[in-house]
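Trainee: A single structure is presented below for examination.
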Amino acid sequence: MAALVKIGVLILIAAAVCQGYQDIYDFDGKKLQDTDYVSLWPLPQKVQSSATAFKLSSVNFQIIHAKGSSAGSSCSILQTAFRRYFDYIFGYKKKQNTKWEPKKTFGEAVTQLQVLITSTDSECDGFPDPKADESYELSVDQPAAMLKASKVWGALRGLETFSQLVYEDEYGSRNINKTEVSDFPRFAHRGILLDTSRHYVPLKVILANLDAMAWNKFNVFHWHIVDDNSFPYMSRTFPDLSQQGAYHPYTHVYTPSDVKMVIEFARMRGIRVIPEFDTPGHTQSWGKGQKDLLTPCYSGSTPNGNYGPVNPILNSTYEFMADFFKEVSTVFPDAYVHLGGDEVDFTCWKSNPDITKFMDDHAFGRDYSKLESYYIQRLLDIVSTTSKGYMIWQEVFDNGVKLKPDTLVHVWMNGASGFGEELARVTAAGFNTLLSAPWYLDWISYGQDWEKYYKAEPQDFKGTEQQKKLVIGGEACLWGEYVDATNLTPRLWPRASAVSERLWSDKSVRDVNDAYIRLNQHRCRMIERGIPAEPLFSGYCRHEYKGNL
Amino acid sequence: MVWGALRGLESLSQLVYQDDYGVHYINKTEIEDFPRFPFRGLLLDTSRHYLPLYAIMETLDAMSYTKLNVFHWHIVDDPSFPYQSKLFPDLSNKGAFHPMTHVYTQSDVRRVIEHSRLRGIRVVPEFDSPGHTQSWGRGQPDLLTPCYRGDVPSGTYGPVNPILRSSYVFMAKLLKEVASVFPDSYLHLGGDEVDFTCWKSNPDVRSFMKTMGFGTDFSKLESLYVEYMVNISASLNRTSIVWQDVFDYHEKIPKDTVLEIWKGLPPAYAQEMSRMTQAGYRVLLSAPWYINHIRYGQDWRDSYTVKPLNFSGTETQKRLVIGGEVCMWGEYVDATNLSPRLWPRACAAAERLWSDENQTSSTDEAFPRITNFRCRLLRRGIRAEPLDVGHCQREFQGF
């Protein structure tokens, strides 16, 4: 399968070369790739292409619903997508002010892309869920190309692939070659984590990155919305949380309308929004607007004014959590919510005499992980009543908390020999697992670090086939200690793209050299679409970044 | 002089603050100021990636906010030749990434120079040779040395060919044009990282070596080339700056040549500074300030704690250190990520080069000031990245 793809890509490159591009050599004598060849990212499961090229005219090309499709003009997701992808295909042409188009089509042209949703329920008015069918088939021929998918989610993925097959020739015309694509994702959960607590990230930037995620076929936005440093989430039940806890109660918050916008913008792109409200640790900012939520720390026998994790011994804590997560479950429609549970520091609990008494009363001894488990257990029970599934960081599993069978365990730590051992442990216990450990993109370093993200393999651990199937995907994480709107986008792209191919494409797609060629062009395409994706190495794009974001 | 007024205006603007009502205030203040080092540079590399003019202009603006006063324009190198030459148009026609869209026209260059001048910033161009010249060969055939595999040319090329008179005729003409375009009295000739492999492989070069009595010591051949170059520069009334490699390999360069140190960690470059200043040369330090080398965390502190005069030498020697440069090499940098990668990290070196070391020795004390300065850069439209968790009153919203 991989060989077929390679041949396909080679034929395409050969075709483009025959059109007389100037060969450009880099200082190693290696031919630099021009940016107008077709370049697919992530690589579809099956691509068969040819040297037959068709033209696309912005005057008479249309994306339409095919006859018999279960989705039609009332399908907002597709209507919006058709316009968006038309713009991607022809948009930059408009920016160059070329209004003139030949009325006659020279050579053969593709005048239509027909989109056929084959399942009776297109899911057009719904939200993508963990079991969404993202498969599609694309057949590019003239006069009409055909995109077939069972659900709208597959159509969205197919539209992206179609737009990636279009290339600009040296005369500025849009071309596309006769191609057959059959595609589906290897992993169902392909996410990006953004941290909007360490630094506030303005709405515009979140939306721009959701766009970029769609271009890379990511389908989950893991919104690590609050943490120690600030609480920008405006809660209608507890307005003081952001009023007291945000960096600024007006300028550095996400209003309910902001949140709605993110969720709908994501839905239009087939992206799930999973919020993370991380407790009992990582909650300093919660305590500013919610008195008595956090544990008062003691120095000797007196409170010292500092606060620690959420106070697990008070009933008021659980009443608060019940009300809070009830709101969260109505605001965020996804089937899952991330509850955090990582890095709980026991020092403050240890110092508090009321907690010590509680430990004795419950016969926990001095094992505070038992107290942590007690808290998490009660929290999980609360969240279960909201009919949401939950995701937790690996510590909750590692500490032996009793978890529901559909819990998603998020592996982020690299043990002495990598993440394999933890994956083995979690899957052996029968839980669905997500991998992030090799993909902490905030850990920048000099050079082409995308290669190491590309090489990480989620099934690289000792386990049965059954176990390996329990790894349902992964997430690239961009923690916010050193990241905000000034540098978020170039830091995320195209490095996160390496992860997107690992999670979408076939396991055998591992050739870093081929990936470099395609990723380079994909990066230039992202720039053309307005995202400042940083360079992989020395070189250029035909259309450089113009400073618009 | 106006240059002092420009620096003073900047300081004045930094004294102004606003209260919660938006009213502007300035406190009664007395300032006496002057730079510790006269040469405080920033290097941009426009060969590994083309940098559009707006990115260069923005960098110059930010430089003026932090009192950096030399723009070291590493304009051409191996990957591309974007400088559009009047005399040799093929250099960019064949050597730029794209001859129309990825070039600096003469008018572009004039704009950069004037934009800099108005901010009291000198523009020192670097035309690096004999190495780092792959892109030159595309538009100037016979300039580069043909490499050999055995008795046959292999099709690849090496550094500038030092045995042909035509090389020096060309370089003299080009540098004469460069001197007419760039008014600064300094010219950077490069001279770094010359790979001798290609020269060794070429039979004509080997035979030249024999004639000159150089044996197999190719550093003598490089020395010959560099001497010619420095002489050309001198004849054009230019002071030459060269990378330390030139000093490390040879001695016969005019005493007024400025040497730029780029290699090594503190013990190594400190020793190099001792050696160079002892030999009587003026020195620029950039080794600890290669901020293209990114890492996780607050690496601005590494730049800040550099002590440029921490080397063994006399007072006279120490006075030969005229300053330093913070370098942003372009392998992984272009307009998409230039600003956040440069700012505010380059500010650490900027303070080190201007301020008194005794008063600015603590990174913890500097932290609140540089954090504040970063928010000021944001207000002024510079996309400076955060140094740590926190916020600015007015965030960058995306354009």
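Trainee: First measure r as the distance between the Cβ atoms of residue A:83 and residue B:227, then evaluate 1/(1 + (r/R0)^6) with R0 = 60 Å and state the FRET efficiency to the nearest 0.05.
Mentor: Values: r = 65 Å, r/R0 = 1.09.
Efficiency at R0 = 60 Å is approximately 0.40.
Trainee: When you take every Cα atom in chain A, what is the radius of gyration, and what is Dmax, the widest Cα pair distance, in Å?
Mentor: 25.2, 88
Trainee: Mind pulling the angle between the C-alpha long axis of helix A:368-384 and the longest principal axis of chain A? Nearest 10 degrees, somewhere in 0 to 90.
Mentor: 60 degrees
Trainee: Report, in degrees rounded to the nearest 10, the 0 to 90 angle that the Cα long axis of helix B:266-278 makes with the longest principal axis of chain B.
Mentor: Roughly 70 degrees between the two axes.
Trainee: Please list, by residue number, every one of the GluC sites (Glu not before Pro) in the stretch B:204-285 that is coil in DSSP and has at most 15 other beta-carbon atoms within 10 Å.
Mentor: Details: sites: B:222, B:227, B:251, B:260, B:272; in loops: B:251.
Within the stretch B:204-285, the qualifying GluC sites (Glu not before Pro) (loop, at most 15 other Cβ atoms within 10 Å) are B:251.
Trainee: Per residue of A:483-496, how many C-beta atoms from partner chains lie within 10 Å of its own C-beta, taken as a mean?
Mentor: Details: counts 4, 10, 9, 15, 9, 4, 4, 11, 5, 0, 1, 1, 0, 0.
That works out to 5 on average.
Trainee: What's the center-to-center distance, using Cα atoms, between the stretch A:313-352 and the stretch B:69-116 in Å?
Mentor: Measuring centre to centre over Cα atoms gives 58 Å.
Trainee: Normalised by the number of residues in chain B, what is the relative contact order in percent for Cα pairs under 8 Å and 6+ residues apart? Before the final figure, lay out the partial values.
Mentor: Working: 686 pairs, mean separation 62.2, N = 399.
The value is 16 percent.
Trainee: Still on this model: Grab the stretch B:120-273 and count how many Lys pairs have their alpha-carbon atoms under 17 Å apart, sequence gap of 8 or more, or different chains.
Mentor: Details: B:200/B:210; B:200/B:220; B:210/B:220; B:220/B:252.
For the stretch B:120-273, qualifying lysine pairs total 4.
Trainee: Which value, in debye to the nearest 20, describes the size of the charge dipole of chain B about its Cα centre when Lys and Arg Cβ atoms bear +1, Asp and Glu Cβ atoms bear -1, and nothing else is charged?
Mentor: Working: 43 positive and 47 negative charges, 121 e Å.
Magnitude of the dipole: close to 580 debye.
Trainee: Further question on the same structure: Counting only GluC sites (Glu not before Pro) that are in a DSSP loop and have at most 15 other C-beta atoms within 10 Å, tell me the longest site-free stretch of chain A. Working shown, then result.
Mentor: Working: sites that count: A:108, A:170, A:343.
With GluC sites (Glu not before Pro) excluded where exposed in loops, chain A gives A:344-549 as its longest stretch.
Trainee: What distance in nm separates the simple spin-label points at residue A:345 and residue A:452, each placed 7 Å from Cα in the Cβ direction?
Mentor: Going from the residue A:345 label point to the residue A:452 one covers 2.7 nm.
Trainee: How big is the Rg/Rh ratio for the protein assembly as shown, C-alpha atoms only, Rh by Kirkwood, two decimals? If you can, show how the numbers build up before the last one.
Mentor: Details: Rg = 30.8 Å, Rh = 30.8 Å.
Over the Cα atoms of the protein assembly as shown, Rg/Rh equals 1.00.
Trainee: Give, rounded to the nearest 20 debye, the magnitude of the charge dipole that the stretch A:325-407 has about its Cα centre when Lys and Arg contribute +1 at Cβ and Asp and Glu contribute -1 at Cβ. The partial results should precede the final answer.
Mentor: Details: 9 positive and 14 negative charges, 51 e Å.
Dipole of the stretch A:325-407, to the nearest 20 debye: 240 debye.
Trainee: Report the antiparallel proportion of the DSSP beta bridges in the protein assembly as shown as a percent, rounded to a multiple of 5.
Mentor: On the way: 33 of 111 bridges.
Counting DSSP beta bridges with both partners in the protein assembly as shown, the antiparallel share is about 30 percent.
Trainee: Positive end of the charge dipole of the protein assembly as shown (Lys, Arg +1 and Asp, Glu -1 on Cβ, about the Cα centre): tell me which of A:333, B:386, A:144 has its Cα farthest that way.
Mentor: In the protein assembly as shown, that residue is A:144.
Trainee: Still on this structure: Report, ordered by chain and residue number, the lysines lying within cross-link reach of residue B:28, taken as a straight Cα distance under 21 Å and ignoring same-chain residues fewer than 8 apart.
Mentor: none
Trainee: Inverting the mean 1/r over all pairs of different Cα atoms, compute the Kirkwood radius of the stretch B:163-266 and quote it in Å. Can you show the working numbers first?
Mentor: Values: mean 1/r = 0.0679 Å⁻¹.
Hydrodynamic radius (Kirkwood, Cα only) of the stretch B:163-266 equals 14.7 Å.
Trainee: Starting from the eigenvalues of the Cα gyration tensor, five times each then square-rooted, give me the equivalent ellipsoid semi-axes of chain B, largest first, whole Å. Please list the in-between numbers first.
Mentor: Working: eigenvalues 313, 115, 69 Å².
So the equivalent ellipsoid measures 40, 24, 19 Å along its semi-axes.
Trainee: OK, next. Which of the lysines could be linked to residue A:326 by a straight reach, that is with a Cα gap under 16 Å, when you skip same-chain ones fewer than 8 residues away?
Mentor: Leaving aside lysines fewer than 8 places away in the same chain, those within reach of residue A:326 are A:388.
Trainee: Going by Cα centres, the stretch B:136-206 and the stretch A:446-520 are how many Å apart?
Mentor: First find each Cα centre; the distance between them is then 42 Å.
Trainee: Relative to the first principal axis of the alpha-carbon coordinates of chain B, what is the inclination of helix B:106-117, with its axis defined by its Cα atoms, in degrees from 0 to 90 and to the nearest 10?
Mentor: Approximately 40 degrees, to the nearest 10.
Trainee: Which residue, chosen from A:155, A:298, A:49, occupies the Cα position most advanced towards the positive end of the dipole of chain A, where the dipole is computed from +1 (Lys, Arg) and -1 (Asp, Glu) charges on Cβ about the Cα centre?
Mentor: So the residue furthest toward the plus end is A:49.
Trainee: While we're looking at this one, here's another question. Relative contact order for chain A using alpha-carbon pairs under 8 Å, separation at least 6, rounded to a whole percent? Mind showing how you got there, number by number?
Mentor: Details: 1087 pairs, mean separation 77.3, N = 549.
In percent, rounded to a whole number, it is 14.
Trainee: Which loop-located trypsin sites (Lys or Arg not before Pro) does the stretch A:397-456 contain, where loop means any DSSP state but H, G, I, E or B and the Cβ has at most 13 other Cβ atoms within 10 Å?
Mentor: Numbers: sites: A:402, A:425, A:452, A:455; in loops: A:402.
Answer by residue number: A:402.
Trainee: Let me ask something else about it. Pulled fully out, how much extra length does the chain show between residue A:243 and residue A:108, if you take 0.36 nm times their separation in residues and subtract their Cα-Cα distance?
Mentor: Working: separation 135, 0.36 × 135 = 48.60 nm, distance 6.13 nm.
In short, 42.5 nm is gained.
Trainee: At a Förster radius of 22 Å, what calculated FRET efficiency corresponds to the Cβ-Cβ distance of residue A:141 and residue A:62, to the nearest 0.05?
Mentor: Values: r = 16 Å, r/R0 = 0.71.
Computed FRET efficiency for residue A:141 and residue A:62: 0.90.
Trainee: So, one more: If I model a spin label as a point 7 Å beyond the Cα along the Cα-Cβ vector, how far apart are those points for residue B:310 and residue B:17 in nm?
Mentor: Here the answer is 3.1 nm between the modelled labels.
Trainee: Spin-label point model (7 Å from Cα, Cβ direction): what's the residue A:508 to residue B:394 distance in nm?
Mentor: 5.7 nm
Trainee: Can I ask one more? Quick check for me: using +1 on Lys/Arg Cβ and -1 on Asp/Glu Cβ, what's the dipole size of the stretch A:176-236 about its Cα centre, in debye to the nearest 20?
Mentor: Roughly 120 debye for the stretch A:176-236.
Trainee: Could you tell me which trypsin sites (Lys or Arg not before Pro) in the stretch B:249-296 are loop residues by DSSP with no more than 12 other beta carbons within 10 angstrom of their beta carbon?
Mentor: Details: sites: B:252, B:255, B:263, B:275, B:282, B:295; in loops: B:252, B:255, B:263.
Those satisfying the criteria are B:252, B:255.
Trainee: Hey, another quick one. Measuring from centroid to centroid over Cα atoms, what is the spacing of the stretch A:114-141 and the stretch A:157-191 in Å?
Mentor: So the separation of the two Cα centres works out to 16 Å.
Trainee: Where Rh is the Kirkwood radius over the Cα pairs of the stretch A:392-510, the temperature 37 °C and the viscosity 0.692 mPa s, what D in µm²/s does Stokes-Einstein return? Kindly include the intermediate steps, with their values, before the conclusion.
Mentor: Working: Rh = 15.1 Å.
Approximately 218 µm²/s, per Stokes-Einstein.
Trainee: At 222 nm, what helix-only mean residue ellipticity would chain A give, in deg cm²/dmol to the nearest 500, using -39500 (n - 2.57) for each DSSP H run of four or more?
Mentor: Numbers: 18 runs with 191 residues, N = 549.
For chain A, the value works out to -10500 deg cm²/dmol.
Every number in this text was worked out from the coordinates using simple rules, so none of it is lab data. Predicted model, so just to flag it, every value in this text is computed and none were measured. Neighbour counts run over all protein chains shown; Cβ positions are idealised from the backbone, glycine included.
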